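Reading through the structure tokens given below for one structure.
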Amino acid sequence: MMPAIQSSSFFSNAQRAVKSHLAAPAVMAAALLCAPALHADEFADHFGFLPEGPTITSEDVKKAQKAWGEAVVTIGKSGNRAPAVAEEIARSAYAFDLGPIQFKPTLAAEKPFRPDLEGTLSYFVSGNNKYKEDSGFALRPWSNVRFDNHTVKIQGNIAIAMGHYYFTGPDGSETKVEYTKGYVKTPDNRVLIFLQDSSLPYSP
């Protein structure tokens, strides 16, 4: 656990760093000081920074969600090509090139956090011995995915959406899943997922 930073000078220094566009290295240095157990060679596996970009809109979010849902259906229909199709889709949908993503899949317990392409692909199509719990979520197959946003918050080129999505199975029944998803619009106008936290509704 990282110890709390109690020095008020730290925060004032951080504010000056932001104003001078030095926020990233300042935060990185502070994190290393506050977490001495984190070795330098492991740092890049845990931290990433989102670029500035054009303003993201609610329409951007809806389009990204529609594309993600259609992608899940497409993977399930791809047969032997599912791993290759899933990799192509994942590379274009998730912000892997910006550092580790924050992905906690719905049906993952032993390794619940999947920050990279390898772990993400395993969840959707399985076949990776590092993630033996995975059965291939997208291989069910699903015939439809629909989003129902409860709230969407937008700040600049970042959007955070929370709500339910509904997955239609082979028998026509729907599975309701809760989600929080974060989207970043990059300077080249891509809308990428950097955060995805999914879970089944609480059942007492």
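The values are calculated or read from the model by the stated rules, or taken from the named source; none is laboratory data. Since we're looking at a predicted model, the values are computed, not measured. All Cβ positions, glycine included, derive from the backbone under ideal geometry; neighbour counts span all protein chains shown.
Scanning region 118-131 for residues that are in a helix (DSSP H, G or I) and touching an Asp or Glu at 6+ places or on another chain (Cβ under 7 Å) yields a total of 3.
Residues in region 113-143 that are within 24 Å of L192 (Cβ to Cβ) and among the acidic types (D, E): D116, E118, D134.
Give me a count of the residues in region 100-123 that are under 18 Å from A82 (Cα atoms), of a type in the set (A, V, I, L, M, F, W, C) and buried (at least 18 other Cβ atoms within 10 Å of the Cβ).
Selection size over region 100-123: 1.
A single entry from D134, D171 fulfils the requirement of being of a type outside the set (S, T, N, Q), in a loop (DSSP other than H, G, I, E, B) and within 26 Å of F47 (Cβ to Cβ): D134. The residues of region 92-125 that are among the β-branched types (V, I, T) and farther than 17 Å from Y183 by Cα, listed by number, are T106, V125. Scanning region 138-145 finds one or more residues that are in a helix (DSSP H, G or I) and in contact with a helix residue (DSSP H, G or I) (Cβ under 9 Å, 6 or more places away or on another chain). Restricting S126, S78 to residues that are under 30 Å from D188 (Cβ atoms) and either crowded, with 17+ Cβ neighbours inside 10 Å or touching a Leu at 6+ places or on another chain (Cβ under 8 Å) (or both) narrows the list to S78.
Against the definition (over 21 Å from Y166 (Cβ atoms), in contact (Cβ under 8 Å) with a residue 24 or more places away in the chain and within 18 Å of the chain's Cα centre (by Cα)), how does A109 come out, yes or no?
On the way: over 21 Å from Y166 (Cβ atoms): yes; in contact (Cβ under 8 Å) with a residue 24 or more places away in the chain: yes; within 18 Å of the chain's Cα centre (by Cα): yes.
Criteria met by A109.
The one condition from (1) in contact with a helix residue (DSSP H, G or I) (Cβ under 8 Å, 6 or more places away or on another chain); (2) part of a loop (DSSP other than H, G, I, E, B) that Y183 does not meet is (2).
From the list K153, K176, the one residue that fits, being touching a strand residue (DSSP E or B) at 6+ places or on another chain (Cβ under 7 Å), without any contact (Cβ under 8 Å) to a residue 24 or more places away in the chain and surrounded by fewer than 15 Cβ atoms within 10 Å (Cβ to Cβ), is K153.
On the basis of being assigned to a helix (DSSP H, G or I), under 18 Å from G182 (Cα atoms) and of a type in the set (A, V, I, L, M, F, W, C), does A67 make the cut? In short, yes.
Here Y166 clears all of (1) modelled with pLDDT of 95 or more; (2) in a loop (DSSP other than H, G, I, E, B); (3) among the hydroxyl-bearing types (S, T, Y) except the condition numbered (2).
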